[in-house]
1. Please go through region A:102-128 and pick out each residue that is in a helix (DSSP H, G or I) and surrounded by fewer than 20 Cβ atoms within 10 Å (Cβ to Cβ).
2. Out of A:SER62, A:SER56, A:SER83, which single residue is surrounded by fewer than 19 Cβ atoms within 10 Å (Cβ to Cβ), touching a helix residue (DSSP H, G or I) at 6+ places or on another chain (Cβ under 8 Å) and of a type outside the set (D, E, K, R)?
3. Please enumerate the residues belonging to region A:44-58 that are modelled with pLDDT under 95 and closer than 24 Å to B:VAL85 by Cα.
4. Where the second residue is among the charged types (D, E, K, R) and in a strand (DSSP E or B) and the first is within 17 Å of A:SER252 (Cα to Cα) and lies in region A:268-297, which pairs have Cβ atoms under 7 Å and are six or more apart or on separate chains?
5. Could you go through region B:84-94 and let me know if any residue there is touching a strand residue (DSSP E or B) at 6+ places or on another chain (Cβ under 7 Å), surrounded by 21 or more Cβ atoms within 10 Å (Cβ to Cβ) and without any contact (Cβ under 8 Å) to a residue 60 or more places away in the chain.
6. Go through region A:272-294 residue by residue and tally those that are more than 14 Å from chain B (Cβ to nearest Cβ) and closer than 30 Å to A:LEU8 by Cα.
7. With A:GLY245, A:GLY291 as the choices, which residue is touching a strand residue (DSSP E or B) at 6+ places or on another chain (Cβ under 7 Å) and buried (at least 20 other Cβ atoms within 10 Å of the Cβ)?
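The values are calculated or read from the model by the stated rules, or taken from the named source; none is laboratory data. Computed from a predicted model, the values in this text were never measured in an experiment. Cβ atoms come from the backbone with ideal geometry, glycine included; neighbour counts cover every protein chain shown.
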Amino acid sequence: MVWTRKDLLGLEELSTEELELILATADSFKEVSTREIKKVPALRGKTVVNLFYEPSTRTRVSFEIAAKRLSADVINIATESSSVQKGETLIDTGTNIQALKADIIVVRHNYSGAAAMLARHLNISVVNAGDGWHEHPTQALLDIFTLKEKLGRLAGLKVTIVGDIAHSRVARSNIWGLTKLGARVTVCAPGMLIPVAIEKMGVSVTHDIDEALSDADAVNVLRMQFERDTQGAFPRQLEYFKNFGITQERLSKAKKNIIIMHPGPLNRGIEISSEVADGAHSVILEQVTNGIAVRMAVLFLVSQGHDKQYETTN
Amino acid sequence: MKEKAKILDKDALNRSLLRIAHEIVEKNRGTEQLCLVGIRNRGAYLARRIAECISKIDNANIPVGILDITLYRDDLTLIAAQPVVHKTEIDFDITDKNIVLVDDVLYTGRTIRASLDALIDLGRPKSIQLAVLVDRGHRELPIRADYVGKNIPTSQQETVEVRLFEVDGLDEVVIVDKA
């Protein structure tokens with residue numbers, strides 16, 4: 001299996017073999033972060049630019065740490081304090097970063113398809129760190145990596161995704177990745193927060209949280225993104241917690257070794273109780289740790305894919 | 001790809017490893033603070049075999065680690081086939097140890113240069129020595145081996161293939177013509 005893509009834009013377009021290569025590469029990178037000197041020279045002399053049009057702490061810091069552990073130089077651009085405020089377009093910003101001889105742009109944008117558009121206009125690598133409601137591939141990869149690490153396999157696993165499926169790029173990337181790798185996915189949410197025809201992505205749908213938990217091997221609890229509610233589709237916070245919140249009581253009826261994941265940031269007492277978030281089933285902080293290895297693997301692979309393409313066009 | 005000559009057969013290969021094991025124990029005056037680190041892929045199997053020989057000679061269990069140097073190569077962007085990154089598995093502290101690096105073939109010396117960088121990122125060993133099954137010459141860096149199974153003069157049009165039972169199903173070393 002050889003990686004030939006210069007970009008990572010989503011999991012939809014990846015083959016099962018490509019997904020497995022990323023997971024296997026991430027597994028090798030995990031060891032680097034346990035060393036006293038947490039650094040390898042694989043991307044020495046490369047420049048990674050984090051270009052974030054939406055607020056983010058965890059993803060940006062995780063990409064920054066991943067790049068630095070590969071010895072790359074990292075520049076962070078937060079658009080609130082950049083020329084974007086003066087009206088510069090995404091593509092102009094991208095071509096300028098390319099002209100500065102950066103090698104990889106990690107982009108987060110509130111429009112679906114923004115990363116793909118940037119990638120089409122640039123020769124350097126683009127990694128999607130979340131585009132609108134579309135995809136957040138590295139988050140899904142680290143969720144899947146953590147699942148595989150905890151349960152030893154993915155094929156045949158039953159994974160439930162609870163929360164605002166309609167507005168969630170994390171849900172979409174997870175569904176693509178998990179179904180390609182043979183897991184069975186159920187989505188669970190109030191009717192207004194489930195997109196029409198989501199069954200076509202190969203998932204089952206339920207509105208009953210207890211049913212969704214009953215035979216699940218793992219639950220991915222999504223944050224309720226109240227900031228995205230423009231149409232009054234969201235239930236009240238307390239109502240949501242009562243009907244869909246993951247609590248110790250609900251877990252007592254689930255499988256004994258069920259795994260609880262959450263992409264963060266947590267809203268304690270809305271989608272998950274503190275007891276569960278900090279409890280024995282939770283792997284939430286391990287997800288954060290694994291995010292570094294997964295992003296190191298992605299940065300390493302796209303930089304290799306780019307080199308190959310560069311060679312053939314010269 | 002044409003096989004030109006068989007340099008070592010199974011018995012000769014194992015005798016070489018046994019001799020190297022004796023030399024390691026002799027030079028280090030025993031096995032105290034001694035560790036072996038094999039370079040992926042075949043060096044890892046050779047390191048394990050040498051450690052077995054040493055355990056018979058000196059009745060001591062030597063820690064054996066595996067080093068993956070993919071991320072330390074200086075030709076990452078040049079090689080045609082994309083390398084797969086594997087794990088480095090060294091579960092002991094290398095600081096103040098006498099480390100014997102083990103690889104199958106010593107050629108340009110660039111793999112060893114990368115291995116030294118990789119090792120030193122993991123700690124500060126007391127010394128690093130080098131054992132190779134085959135030294136085929138054509139060095140591009142000032143590097144030499146402390147223990148050599150067999151010196152084989154080669155041309156750069158040839159490659160030396162080390163085949164090991166663990167990977168290839170048989171033990172032998174052959175010279176192959178690239179053309």
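1. Matches in region A:102-128: A:ALA116, A:MET117, A:ARG120, A:HIS121.
2. A:SER83
3. A:ARG44, A:GLY45, listed by residue number.
4. Matching pairs, first to second residue: A:SER274/A:ARG268; A:ALA277/A:ARG268.
5. Yes, region B:84-94 contains a residue that is touching a strand residue (DSSP E or B) at 6+ places or on another chain (Cβ under 7 Å), surrounded by 21 or more Cβ atoms within 10 Å (Cβ to Cβ) and without any contact (Cβ under 8 Å) to a residue 60 or more places away in the chain.
6. Number satisfying all stated conditions: 11.
7. Result of the check over A:GLY245, A:GLY291: A:GLY245.
Here is a yes/no grid of residues against (1) assigned to a helix (DSSP H, G or I); (2) of a type outside the set (Val, Ile, Thr); (3) at the interface with another protein chain (Cβ under 9 Å from one of its Cβ atoms); (4) at positive phi:
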residue: B:PHE92; (1), (2), (3), (4): no, yes, no, no
residue: B:LEU101; (1), (2), (3), (4): no, yes, no, no
residue: B:ASP104; (1), (2), (3), (4): no, yes, no, no
residue: B:ILE112; (1), (2), (3), (4): yes, no, no, no
residue: B:LEU119; (1), (2), (3), (4): yes, yes, no, no
residue: B:VAL132; (1), (2), (3), (4): no, no, no, no
